[in-house]
Structure formats: C-alpha cells, structure tokens
Amino acid sequence: MPRHPRAVLIGLALVGILTVSWPAVLAAQPRYGGTLILASPSDPTTLNMGMTISAPPHIATAAVFDSLLRYDRKMTPMPWLASSWTVSPDGTSYTFKLREGVTWHDGKPFTADDVKFNFETLAKHHTQGPLNFGSIKTIETPDKRTVVIRFGEPFAPFMSFLGTLQAPMAFPKHLYEGTEIERNPWNNKPVGTGAFRFVEWKRGERIVLERNPDYWVPGMPYLDRIVVRILPQDTARIQALATGEITWIPLYFSYPSARSRAPGIELSFEGQEGLGPGVNQLWFNLKHPTLANLSVRRAVAHAIDKQQITQTAFLGFAQPARSVLGSASWAFTPNVPQYPHDTALANDMLDRAGFRRGADGTRFTLRLHATSVIETATKQAQLIRDQLAAVGIKVDLVHGDLATINATVYEKKDFDMYIVEGATFTGPDPHIIGLYYSSKNIRSAWYTNAASYSNAEVDRLFEQAARTVDREARKQLYAMIQDLVLADLPAIPVWEGGRGHLFSAKFAGIPPDPFLGFRYGFEQIWWKEGAAKR
C-alpha cells in the first residue's frame, strides 16, 4: 500500500521512548567501560559530518552528533531528539516536538532555534543539502521545543532524510551564527549533543572521543572512549585487527582476508539496509571528446565483465548490478537497457564508430582514476584495464588517496573514467540518486554528478517524483528515470552489495545503524569484558 505522510503520526505513539531497542544488541545485559578502536582508510577532510557524506568524517565523529529521528532496519522513523511529530493532511507541513533536557557538549541548551539554524545551514553546506532541503519554504519556531517546517508543495522523501547521514544536528547556533561556516574552527573540534565528546585529532594518526557523562539517554553510553586510527593500507588494518590493536574495520577491507579471518573476528553485512544495497559505478566524463560518443560508452559497457569483477575482486560477496538503483530498493526495475559482456560486439561497435585500431592494436587511451587505500577499488581498476585492452582501449591507471582522487574527480573534473571507492547511495529514498543524475548537481562537490550528465526529461521526472506522494506512482516515475539513464549511460552500474564489517567478537552492537553501520548508535555498543555497573 502507498504510504501517505500522515502515517508519520506514528511518532505520537512513541512519545517518551528514549532508546532504540535493537534486539541483537540488548539480547544480553550490557556492560560498562572499555575503548572501541575503529580504523579509517584516510584522514577526514573535516570533523563536521554536517558538511559531507564522505565516510572518514562520519567514522570519526558520528558518535558526537544526534539527529531529530532515527530509523530501524526496516527504515521506520523513530523519535530521537524529536520526541514526536505530526504532518499536515496535504503533506506540506511538519511539526516536531523536541525533548527536554538536551544540551550541547559545552552545556548550552539544545533548542528549536538550533534546529532551524541547522536545517538552513545544511541546505547550503551539506553535500546533499540542496537536494534534500532546498525546497523548504519556511521554518518556524513558536517556542523552544517546537519546530514547524513548511514546504510550498509536498516533498515525499523528507521523512527519510532526518537521520545523521543527511541531517545531523552539527551546527550549534551559538558557535556558528554570523561566521563563515566552512572555515569555522569548530568544524575540526566538533560540539554536538551525542553520546561522545571530541577530545583530540592528531592528523594522520588518530581521533579520540570520550564518553559524554551528561548524555540525555539515561545509563548510556556504555563505552568510555572511542579511538579512530588512520590506517591507509588495507594490510595494516587487517593486521591491527588480528592483533587486537583495533576492534572494528567498517567497510574497508580485503575480501580474501574476510574469508581467512583470525579467530574471534566476526564478519557482518548488516548495517546497509537504509542505503541499498548501494551500486558501484564506472563513471564517464562526458566532457571528454571520445567518451561523449554514446557508441563508445556502450562499447565499453559490453567490454566489461561484471561477473569476473564480482567473483575476483569480491569473491562472490557482491553481485553484478542491473540498474542505477540497488535491487533492494522499492523503486528498482530490471526493465532497463542491459549491456551483457560481449567482446566481439564491443569491437564491432568501436569499428563502426570510426575508432579503428592502430599499428599497435590500440584505438585510443583513457585514464581510469581509483583510490589506492581500498583493495577492491584497486582490483576493479586492474580488471577493467585488462578487459578494455581486449577491445583496443589502452587504460592508464591513476591511483591516489581518497581525498586526492575525490578532489580530482568531483571538484576539478579532471578525469576520463572513475571507479567509485565504495558504492553510491541509492537510499534511503530513490530521490537520492538525483545527486548523480540531475543536472542541478553538476557542481564542485563530492559525490555529485561527476559525469556532467544532463537530460531535461530526467530532471523533470526527478522533480515530479519528489512531489508525488503515492508510492506506486513514484515507482513508475523512477522506472522511467532508470530507463533513460541506462540508455544514455553516463555511468555503468558494475556491482551492488559487497559492503561489510570486520570486528572483534568482544564487542556487542556492531554495526549499530542501517546507514552503513557507523553513523549512529554508538551509545549502544558495549564491551563484553566490561563492568556490570559503572
């Protein structure tokens, strides 16, 4: 049945709930104390997760911030900083009631004015802000505990975007108002309302957080400290986990090591329910004179063997992607143009397009950018290089750390092809793929429209789908979007799934959330060897 926004009235029945009951976490009696040590493949570019959706900043400081709502693994919204909410019958007005007694880490009260300031700031400075909150018409604060957010017309995805991924309460008004937001020094010594407080950032080495003794959820958090270690090399992360130097590797690890993991190390593929499975894509720079030719892009698609990539790079932990939306999305359709692996067809298409082989067998040369800190990205790039060589396309691999590659691709647009380091989000609502395929998102910001793809009909369909409340009607619109994008082929969907967690069995509650497993819920992680009481 289609879900009308008024169904969100369920929030009223949840007033007073203070914790999320994850059955797997609370199956045993939690214990107190201990330090959780995570590994990150690179230094964050910022410690304010309100500025970016990049994983390293979120790994570093998700425990510092809260959000109005949280979501269970079925993506049902649940109260958090907002204790309840109502939605107007026409779906254009949302009223949130805030909890009492919540304070920022510096002791200042968290109020409705902070919520208003945060949404206004997120709309301008968060990577997804213009897409998710740009159509907000007004934000009213009739009192310190009430926030009313109004749209000029229905915006169907809104209730899916109120967690810490898209809407962290990361900008205390008293510390940010009147400042240059992106240069504010508090971005690198963050102040939130979350279960842990920032202590230290030693660049290139570690980020340290400590338990917030004034956290608004009684009895939480269980841990004393969180340490995030910067370990760029995959082998170093795996070795540190095996020796107990770290306790959790979120996402970034080699799949051979996952199969042969040491005793006491667990593997989980939970924690991505809200985002997919995401889809990994090979992006084309449509400004490149050769790649601007659709026949070339389609030939490349036929030359790529997705099955070989998923089996070789991921050992079967991932599967070939069929569309630009993950197959678990309610809006997914397989009825889109497909490009099965066919080397002979790819060669023929390139010949007919006028790109004949030279004396050395090469038709032309392209650069392929990929991160060097993630083994699967490196392996994919190597496989794609070899597969394209079979059709006469010479590929020069360009490797670099996460920040360097993303700046080159998304900000400078100085690339030919790019294999994403993980997988692009296709949830919590399919509206999110407008980041990659709407011409409004051809801008200098990470994880946006890297291809510079522009199709006026696709833009129109995205806007129509956002205004459409009925889910079945929206699904039809997203099916049309998928069909058009796969026909134009600004990117090749390569694989989906394949994102997991390696962690010590001495800790319970990992991964804690459905947004890749490291974006909230740290207050519920506990050390099995801790004390019965604090």
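The table that follows gives values for the structure above.
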| item | result |
| --- | --- |
| Residues with amide H under 5 Å from that of Leu231, placed H, sequence gap 5 or more | Ser40, Ser42 |
| Calculated [θ] (222 nm, deg cm²/dmol) that DSSP helices of n ≥ 4 give over the chain, each run adding -39,500 (n - 2.57) | -6500 deg cm²/dmol |
| Packing rank of 260-270, 63-73, where each peptide gets the mean count of other beta carbons within 10 Å, highest leading | 63-73, 260-270 |
| Solution diffusion estimate, µm²/s, Stokes-Einstein, region 279-497, Kirkwood Rh from C-alpha pairs, 25 °C, viscosity 0.890 mPa s | 140 µm²/s |
| Calculated from backbone phi, Karplus (6.51, -1.76, 1.60) coupling profile of region 482-492 in Hz, x at Gly/Pro | 4, 4, 5, 5, 5, 6, 7, 6, x, 8, 9 |
| Whole-Å distance, taken between Cα centres, linking region 126-178 and region 38-100 | 11 Å |
| Charge dipole (debye, nearest 20) of the chain; +1 at Cβ of Lys and Arg, -1 at Cβ of Asp and Glu | 300 debye |
| Rel. contact order, % - alpha carbon contacts under 8 angstrom, at least six apart, the chain | 22 percent |
| For Trp446, Trp527, Trp283, order by how many other beta-carbon atoms lie within 10 Å, fewest first | Trp446, Trp527, Trp283 |
| Packing-based order for 99-107, 475-483, 430-438, using average beta carbon neighbours within 10 Å, highest first | 430-438, 475-483, 99-107 |
| Coil-residue trypsin sites (Lys or Arg not before Pro) of region 290-360, DSSP, other Cβ within 10 Å capped at 15 | Arg356, Arg357 |
| For Glu273, residues with placed amide H under 5 Å, excluding near neighbours | Leu516 |
| Rounded to whole Hz, the Karplus (6.51, -1.76, 1.60) HN-Hα couplings of region 267-275, x for glycine and proline | 10, 9, 10, 6, x, 10, 4, x, 10 |
| Gap separating the Cα centres of region 425-463 and region 255-287, nearest whole Å | 23 Å |
| Backbone HN-Hα couplings from phi across region 441-448 [Karplus 6.51/-1.76/1.60, Hz, Gly and Pro as x] | 9, 7, 8, 8, 8, 4, 6, 10 |
| Matching label, Cα Rg over 2.2 N^0.38 Å computed from the structure shown, candidates [x] 1.08; [y] 1.03; [z] 0.97 | [z] |
| Extension reserve of the Asp72-Arg145 stretch, reckoned as 0.36 nm per residue once the Cα distance is removed | 23.8 nm |
| Reachable lysines, given that their alpha-carbon falls under 18 Å from the alpha-carbon of Lys202 and they are not under 8 places away in the same chain | Lys189 |
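No lab work stands behind these numbers, since they all come straight from the coordinates. A quick note: this is a predicted structure, and the numbers were derived from the prediction, not measured. Cβ sites come from the backbone with ideal geometry, for glycine too, and all protein chains shown count toward neighbours.
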